[in-house]
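The values are calculated or read from the model by the stated rules, or taken from the named source; none is laboratory data. Just so you know, these numbers come straight off a predicted model, no measurement behind them. Here the Cβ is made from the backbone with ideal geometry for all residues, glycine too, and neighbour counts use every protein chain on show.
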């Protein structure tokens, strides 16, 4: 199989529960088998080598997959049965049909792909949500972000993926580094004169960490614009 389509909620579940590399092993076995991994004991070393892990780590990750019944081991025939995604979604309590594509070469940057997949889905959901709201009537308050672009605050990513805000920022930029998302910095001009910084911070101290001086102007850093870089299937 040259690629695999993975339910995004399963990816999110794995990140939230700190099982991202258990998911990596599961997807590896799924992409390189027809659902039955024959002669598993003989192939363990090759699997560990391909994923850059030792046999002990492979065994630990496999134990979790077996406990969760994502895989089943037929010891008599030495065959590992890799469960289908409908069954996995029942186990994890997920129902969404939104899926993300992964290719074998992306196993080398798996965390970036996983986080990027969830962020891309969040951005597309934001686009659909805003489109469904329709045009905003004059004088009415926007029900969603009124910014002319789509993006996510690090705090939103952190909450969605059970990460610290610092981790959310690091992982978002990791996804960008590997091309799974594109990030564009966005700013709002507060004043044409940077000398107004002290007065602004005094009046709005909670925004002091977002104030920047760029080319002599006082700017307020907004949340980044994010553009998806991963194909989504529905």
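Screening 128, 124 for residues that are over 15 Å from residue 13 (Cβ atoms), assigned to a helix (DSSP H, G or I), in contact with a strand residue (DSSP E or B) (Cβ under 8 Å, 6 or more places away or on another chain) and at pLDDT below 90 leaves exactly one candidate, 124. Just one of (1) surrounded by fewer than 17 Cβ atoms within 10 Å (Cβ to Cβ); (2) modelled with pLDDT of 90 or more fails for residue 96. It is (2).
Residues in the range 26-36 that are in contact with a strand residue (DSSP E or B) (Cβ under 9 Å, 6 or more places away or on another chain) and assigned to a helix (DSSP H, G or I): 26, 27, 29, 30, 31.
Yes or no, residue by residue, for (1) out of contact with any strand residue (DSSP E or B) (no Cβ under 8 Å at 6 or more places or on another chain); (2) surrounded by fewer than 18 Cβ atoms within 10 Å (Cβ to Cβ):
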| site | (1), (2) |
| --- | --- |
| 7 | no, no |
| 10 | yes, no |
| 13 | yes, no |
| 16 | yes, yes |
| 24 | yes, no |
| 38 | no, yes |
| 47 | yes, no |
| 50 | yes, yes |
| 56 | yes, yes |
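Looking across the range 26-36, not a single residue is surrounded by fewer than 16 Cβ atoms within 10 Å (Cβ to Cβ) and either under 19 Å from residue 94 (Cα atoms) or in contact (Cβ under 8 Å) with a residue 60 or more places away in the chain (or both). If you go through the range 32-43 and pick out every residue that is at pLDDT 90 or above and touching a helix residue (DSSP H, G or I) at 6+ places or on another chain (Cβ under 6 Å), you end up with 0.
Considering the range 153-234, the qualifying helices (runs of 4 or more DSSP H), each wholly inside and each with 2 or more residues that are farther than 21 Å from residue 100 by Cβ and touching a strand residue (DSSP E or B) at 6+ places or on another chain (Cβ under 7 Å), run over 197-203.
Filtered by the rule that a residue be under 29 Å from residue 118 (Cβ atoms), more than 25 Å from the chain's Cα centre (by Cα) and surrounded by 14 or more Cβ atoms within 10 Å (Cβ to Cβ), the range 174-226 gives 212, 220.
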